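Scroll down for the structure; my scribbles are underneath it.
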Amino acid sequence: MRAVILISGRGSNMEALLRAGLPVEFAAVISNRPEAEGLAVAQGFGVATAVVDHRGHVDRASFDAALAAEIDRHEPDLVILAGFMRVLTEGFVRRYLGRMINIHPALLPSFPGLHTHRRALEAGVKVHGCTVHYVTPEVDVGPIIIQAAVPVLPDDDEAGLAGRVLAQEHRIYPQAVRWLAEGRLSMGEAGRVDLRAPREAMGPLVVPALDSA
Ligand code: GAR
């Protein structure tokens with residue numbers, strides 16, 4: 001499987017993917033920001049990098065067309081959004097439908113959009129987390145592949161919570177890409193995914209813990 005990763009900044013999820021020993025050829029890392037720190041990280045792994053700067057385009061459609069041209073040069077089977085902070089046009093999303101995935105720092109469908117950790121703290125939820133999902137035209141609502149939950153602690157602040165969620169992002173994104181590379185995962189009907197994987201026994205996650213725990 002050939003994959004292209006799209007980033008906008010730090011690139012820690014990208015790095016987790018490059019480190020994971022996946023059966024994937026990472027053909028390129030593309031950023032919409034020339035100053036994205038992740039570009040140097042990718043080069044350190046020997047992965048080709050490219051920049052398609054959104055600031056050089058008059059509208060979303062023209063940026064997305066340039067981005068698609070750069071992606072298609074690498075003929076990927078999979079497009080991986082890893083902290084790629086751009087809203088994509090419907091035409092762009094449809095071009096890669098079923099072969100483009102994203103990681104979002106919340107338990108979707110809760111907290112789509114930005115500032116997810118702050119909003120989770122404000123809402124007083126006891127469980128927060130992250131989601132890997134297929135990308136569909138509506139932002140942050142595509143079929144969910146895998147989620148990790150973390151407890152929200154009484155003294156949590158935004159940075160602490162973000163750090164614990166990010167550590168889980170780095171675990172679930174490589175798992176999702178591995179399932180795809182092994183041909184065990186596809187986008188199903190009506191917002192579902194088809195995952196051909198053995199299901200381990202899974203217990204409930206209760207936060208705060210029950211007295212009996
Ligand atoms: C990650 O937390 C990712 O989930 C989030 O941006 C961060 C990027 O960090 N993505 C979104 O908010 C997408 N809407 P990274 O560049 O270190 O991977």
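No lab work stands behind these numbers, since they all come straight from the coordinates. Treat the numbers as computed from the prediction; the structure is a model and nothing was measured. Cβ atoms come from the backbone with ideal geometry, glycine included; neighbour counts cover every protein chain shown.
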Extension reserve of the Leu97-Val141 stretch, reckoned as 0.36 nm per residue once the Cα distance is removed
14.5 nm
With DSSP loop assignment and no more than 16 other C-beta atoms within 10 Å, the chymotrypsin sites (Phe, Trp or Tyr not before Pro) in region 10-80 are Phe45
Output the relative contact order of region 11-161, whole-number percent, from Cα pairs under 8 angstrom with separation of 6+ residues.
16
Using DSSP to call loops (not H, G, I, E or B), can you name the GluC sites (Glu not before Pro) in region 68-141 whose Cβ has at most 14 other Cβ atoms within 10 angstrom?
Glu138
Give me a comma-separated list of calculated 3J(HN,Hα) values for region 178-184, in order, Karplus coefficients 6.51, -1.76, 1.60 applied at θ = phi - 60°, integers in Hz, x for any Gly or Pro.
5, 4, 5, 5, 8, x, 9
What do you get for trypsin sites (Lys or Arg not before Pro) in region 1-53 restricted to DSSP loop and a cutoff of at most 16 other Cβ within 10 Å of the site's Cβ?
Arg10
Linear extension gain, His57 paired with Ala149, 0.36 nm per residue minus alpha-carbon span:
29.3 nm
Under a 5 Å amide H to amide H cut-off, with H placed in plane at 1.01 Å, what residues pair with Arg2 once short-range neighbours are removed?
Glu25, Asp77, Leu78
Out of the DSSP beta bridges found with both residues in the chain, what percent are antiparallel (nearest 5)?
45
Using +1 on the beta carbon of Lys and Arg, -1 on that of Asp and Glu, and nothing else charged, what's the dipole of the chain about the Cα centre, debye to 20?
320
